[in-house]
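Please read the structure below before turning to the comments.
Laboratory data are not the source of any read-out in this text; all were calculated from the coordinates shown. In this text the structure is predicted, and so the values were computed from the model without any measurement. When we count neighbours, we look across all protein chains shown, and the Cβ atoms used for this are built from the backbone with ideal geometry, even at glycine.
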Amino acid sequence: MHVVRPRKNTAGRRGPIACSKLSNPYCEKKQMQKRVDWLVTELNTVGGTEIFLTQMAPLIRYAGWDLHIITLINGGPLIADLRHQGVPVIELDLKNKFDFGIIFRLNKLWMQDPPAIIHTHLYHAGILARFVAHWGHVAPVIVHQHGPESTRSNLRVCVDRLLSSWTYRYVSTCEAVAEILKTREKVSPTKIDVIYNGIPFPDSLVDSRPIEWPVPDGKLTLVCVGRLSPEKGQHCLLEALEKLDPAIVSVYTVFIGTGDQLNSLIAESIKLEIQDRVSFVGLQQNVYPWLFHADIFVLASDWEGISLAILEAMAAGLPVIATDVGGNPEVVVDGETGVLVPPRNPQALADAILQLAANPTERQRMGLAGRQRVEKYFSIQETARKFEELYTQILINL
């Protein structure tokens, strides 16, 4: 078993460097328009939401919007990358959950330099922004719901419902998350805009093999990209791999990402006696070389919004095996671009792996269809265009 231990401050699944290399402005830079502030809880975790913001922010500025990012918690590997791309980042130095001074620091900032629109990302940023903006009559607030957050507590749901009247618009990453906003948070459908996440599309499927490629020659390669945490379902995938008879199908699985489940997953692979069939390679700044040299992408999450990992795998021409949860069915067309299976079902996952492993023609067909689907519906340029349309509409209606 090959294991790469994470470096400090690399809690997510990939770093910012590859993303910035792939990000291309979708239009000529225009004269700066009204100021838009993105308020985010933190940029310390390199996860899907944080990577999405890092990719998207330069495009919004190139489109002419005076975008600033405000992070409640200082630091993080993405801040330098954002500033390098010309995106101003303001750190508010939230020390702990009892640091109520954050309310006054944010209010002072917005009183001195008020934005035209406030767009929040992640739960705590959404709560604070609505309170301060309402208190100071600052600007309309957009709350961006990136995922279903199935484990959200009743208290958090109640707080969200109470603050709904202080929310100008909600942005949902998919129809499944929009439905949760309607039913759980009781948000009016007229206040919700569905804007799919998009990714920078790789120009070529040819890339050099990763330097530390751990897969033995002749093995069918599965790759799983994601934070190593319970909701991502890596334990379920390990159980599925144990069910595959090596005499029938010889597969090797590469796990990309870091998280607090790493040691538990290593121990589980040893317990299941499959440690010679898996590798944990840690955070990778550029996942595409790994994807280009894999055969199948697998994600066994308990819940998802729009998974950037799935979009990247499809853009790399891989067939996808994913759980039928959240926004996954809106991305992966079952039987056309991949296979959808029930969550927390190792046997169904194993059956899907066996199905694709035995059919290289089917894998190639699904991979091509997936790449075409991402290029058509999930480009980062299209997402940026819809952000700009939303901001323009809000300013017109004020």
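Only Cα sites of the stretch 156-234 enter the Debye sum here, all with the same form factor; the resulting log10 I(q)/I(0) across q = 0.17, 0.18, 0.24 1/Å is -0.86, -0.91, -1.19, listed in q order.
Within the set LYS191/LYS232; LYS95/LYS386; LYS97/LYS191; LYS232/LYS271; LYS108/LYS186; LYS219/LYS376, which residue pairs have Cα atoms separated by over 24 Å? In this structure, LYS191/LYS232; LYS95/LYS386; LYS97/LYS191; LYS108/LYS186; LYS219/LYS376 exceed 24 Å between Cα atoms. All other residues whose Cβ lies under 14 angstrom from that of GLN393 are scored, Lys and Arg at +1 and Asp and Glu at -1, for a net of +2. Projecting the alpha carbon convex hull of the stretch 224-301 along each direction and taking the average yields 4.9 nm². For the peptides 112-118, 350-356, 237-243, 156-162, the ranking by packing is 237-243, 350-356, 112-118, 156-162, with the highest mean count of neighbouring Cβ atoms within 10 Å listed first. Calculated translational diffusion coefficient of the chain (20 °C, 1.002 mPa s; Stokes-Einstein with Kirkwood radius over alpha-carbon pairs) equals 99 µm²/s.
When peptides 314-322, 120-128 are ranked by their average number of other Cβ atoms within 10 Å per residue, the highest-first order is 314-322, 120-128. Would you mind classifying the stretch 292-393 by shape? Square roots of the alpha carbon gyration tensor eigenvalues, ordered a ≥ b ≥ c; an a/c under 1.5 is rounded, otherwise it is prolate if a/b is larger than b/c and oblate if not. Oblate is the answer for the stretch 292-393, as a/c is 1.5 or above yet b/c matches or exceeds a/b.
What is the sum of charges around ASP66, taking Lys and Arg as +1, Asp and Glu as -1, for the other residues whose C-beta is under 9 Å from the C-beta of ASP66? My count for the surroundings of ASP66 gives +3. The fewest-to-most ranking of SER264, SER379, SER153 by surrounding Cβ atoms within 10 Å reads SER153, SER264, SER379.
Backbone amide hydrogens, once placed in the peptide plane, bring GLY338 within less than 5 Å of VAL320, VAL333, excluding anything fewer than 5 places away on its chain. For SER165, what charge total do you get from the other residues with a beta carbon under 15 Å from its beta carbon, if Lys and Arg give +1 and Asp and Glu give -1? With Lys, Arg at +1 and Asp, Glu at -1, the neighbours total +3. For the chain, the Cβ-based charge dipole about the Cα centre amounts to some 1080 debye (Lys, Arg positive; Asp, Glu negative; other atoms uncharged). For CYS174, the residues whose modelled amide H falls within less than 5 Å of its own, excluding neighbours fewer than 5 places apart on the same chain, are ILE195.
For the chain, the relative contact order comes to 18 percent (Cα pairs under 8 Å, sequence separation of at least 6).
Packing, taken as the mean count of other beta carbons within 10 Å per residue, orders the peptides 172-180, 370-378 from highest to lowest as 172-180, 370-378.
For the stretch 314-398, averaging the sequence separation of C-alpha pairs within contact (under 8 Å, six or more residues apart) and dividing by the residue count gives a relative contact order of 35 percent. The aspartates and glutamates within cross-link reach of LYS34, meaning a Cα-to-Cα straight distance under 19 Å and a gap of 8 or more places when in the same chain, are ASP66, ASP113, GLU388, GLU389. Note on the stretch 220-377: semi-axes of the ellipsoid equivalent to its C-alpha gyration tensor, largest first and rounded to whole Å, are 22, 17, 15.
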